[in-house]
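The values are calculated or read from the model by the stated rules, or taken from the named source; none is laboratory data. Note that the structure is a prediction, hence the values are computed from the model and not measured. Quick reminder, even Gly has a Cβ in these numbers, built from the backbone with ideal geometry, and neighbours come from all protein chains shown.
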Amino acid sequence: MSPSQAQPNIRHHIPAEPRRRTAWIVGGAAVAALVLFGFGLYRYGWKGGVTQVITKVLPYPAAIVEGRVIRYSEYQEDLAVLERFYEAERARAVPGSVFPSREELKARVLDRLIKDELAEALAERYGVAVSSDDVKDTYESTILEQASLDAAGGKARAEARAAETLEQLYGLRPSQFKTRVLHPFLIRQKLEAAIQGDEELNAEKRKKAEAALEELRSGKAFKEVALAYSEDPAVTANGGDRGMIGRGLLPPEVEAAAFALQDGETSGVVKSVFGYHVLRVAARQASSGETAKVHLHEILIRPIQLDDYLEVQRKTASIIIFVQ
């Protein structure tokens, strides 16, 4: 047998234990380095170019919400955006203006990211989705439209102006702004409508409106009942008296119910996008043979608000926070 033929057998008999030991040493050193870096990251708030690179590559969490990871890099990037925004605001502010501290900004960013994760989970339950076309249309109808007011030269110039503004204010490219700002905003907007339209979820709100209606039917003064039940912020000032209101100023369902009432008559519970209404018309004003205005008294019970609902969800959700 030639040496070349014998070589494979010689290699085959080299003990594997040293290789295993080396692998364990290298692996242990890597784990120790990751743990040490994590300690510095969470305990001392390490930041800088190296930290940004490492946290982009490795999924260190800022928080875990119902099993959904909020990456540390995402948290840091959003914090940098908010800090940049307030730096620009400080440059324009009058002397004596008060701005949030860095600790307040950190708490604000983390709170929003946690609620965004809760909102995403809730959106899945309600079948709420936001498409790329939704984001594109919103960007063009808001950001680009606003930019076009300050930039002559068509869409291309408006896009350049918008990109410049987003970079100055937030340090974001348009694509980043669409992903990190517009998409969560549209999810919340659609989810708000879904939450408010959920009759089962808002059952207690309807019951409150029905209780107010029963009080009115029992003979209590409208102002007294409005002050006790209405969730309209203006009720403390006007007692539910909205004065003379013409057509086209009320939600369609409310307008239809109000203009169908006779003087002194009270409606049932009327549902609109704003909540549950109980209406009474004190007087009507006619024009060309039909009612043009009504003197309206209103009790409004608002539907559940998304932020309030997410806050309740947050109190019972499984949330692990890593950042200080």
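Of all the helices (runs of 4 or more DSSP H) wholly in the range 1-116, which have at least 3 residues that are surrounded by fewer than 17 Cβ atoms within 10 Å (Cβ to Cβ), of a type in the set (Ser, Thr, Tyr) and modelled with pLDDT of 65 or more? Write out each step before concluding.
Working: elements: 3-12, 17-44, 49-57, 72-92.
Counting at least 3 such residues, we get no helices (runs of 4 or more DSSP H) at all.
Can you give me the number of residues within the range 267-320 that are within 27 Å of the chain's Cα centre (by Cα), outside any helix (DSSP H, G or I) and either under 20 Å from residue 202 (Cα atoms) or hydrophobic (A, V, I, L, M, F, W, C) (or both)?
Our first condition is that a residue be within 27 Å of the chain's Cα centre (by Cα); within the range 267-320, this holds for 271-277, 300-320.
Restricting the remaining residues to those that are outside any helix (DSSP H, G or I) gives 271-277, 300-305, 317-320.
Subsequent filtering for residues that are either under 20 Å from residue 202 (Cα atoms) or hydrophobic (A, V, I, L, M, F, W, C) (or both) retains 271-277, 300-305, 317, 319-320.
Qualifying residue count, the range 267-320: 16.
Return yes or no: is residue 323 of a type in the set (A, V, I, L, M, F, W, C), under 30 Å from residue 76 (Cβ atoms) and either outside any helix (DSSP H, G or I) or in contact with a His (Cβ under 6 Å, 6 or more places away or on another chain) (or both)?
Values: of a type in the set (A, V, I, L, M, F, W, C): yes; under 30 Å from residue 76 (Cβ atoms): yes; either outside any helix (DSSP H, G or I) or in contact with a His (Cβ under 6 Å, 6 or more places away or on another chain) (or both): yes.
Criteria met by residue 323.
For the range 122-131, name all the residues that are surrounded by fewer than 17 Cβ atoms within 10 Å (Cβ to Cβ) and closer than 14 Å to residue 317 by Cβ.
Scanning the range 122-131 gives a single hit, 125.
Return the only residue of 223, 178, 207, 190 being loosely packed, with under 14 Cβ neighbours inside 10 Å and either at positive phi or among the charged types (D, E, K, R) (or both). Outline the logic, then answer.
Details: 223 fails: loosely packed, with under 14 Cβ neighbours inside 10 Å; 178 fails: loosely packed, with under 14 Cβ neighbours inside 10 Å; 190 fails: loosely packed, with under 14 Cβ neighbours inside 10 Å.
Exactly one residue qualifies, and that residue is 207.
For the range 266-290, what are the residues that are of a type in the set (Val, Ile, Thr) and more than 10 Å from residue 302 (Cα to Cα)?
Taking the range 266-290 and keeping what is of a type in the set (Val, Ile, Thr), we get 266, 269-270, 273, 278, 281.
Across the range 266-290, the qualifying residues are 266, 269, 270, 278, 281.
Looking only at the range 126-135, which residues are part of a helix (DSSP H, G or I) and either on the phi > 0 side of the Ramachandran plot or touching a helix residue (DSSP H, G or I) at 6+ places or on another chain (Cβ under 9 Å) (or both)? Walk me through it before giving the result.
Going residue by residue through the range 126-135, those that are part of a helix (DSSP H, G or I) are 126, 132-135.
Matches in the range 126-135: 126, 132, 134, 135.
Go through the range 96-119 residue by residue and tally those that are among the β-branched types (Val, Ile, Thr) and free of Cβ contacts under 8 Å to residues at least 24 places away in the same chain.
Initially, the range 96-119 is screened for residues among the β-branched types (Val, Ile, Thr), giving 98, 109, 114.
Going one step further and asking which of them are free of Cβ contacts under 8 Å to residues at least 24 places away in the same chain, we end up with 98.
Number of matching residues: 1.
Only one residue in 179, 142, 138 is part of a helix (DSSP H, G or I) and modelled with pLDDT under 90, so which one is that?
On the way: 179 fails: modelled with pLDDT under 90; 138 fails: modelled with pLDDT under 90.
Answer to the selection: 142.
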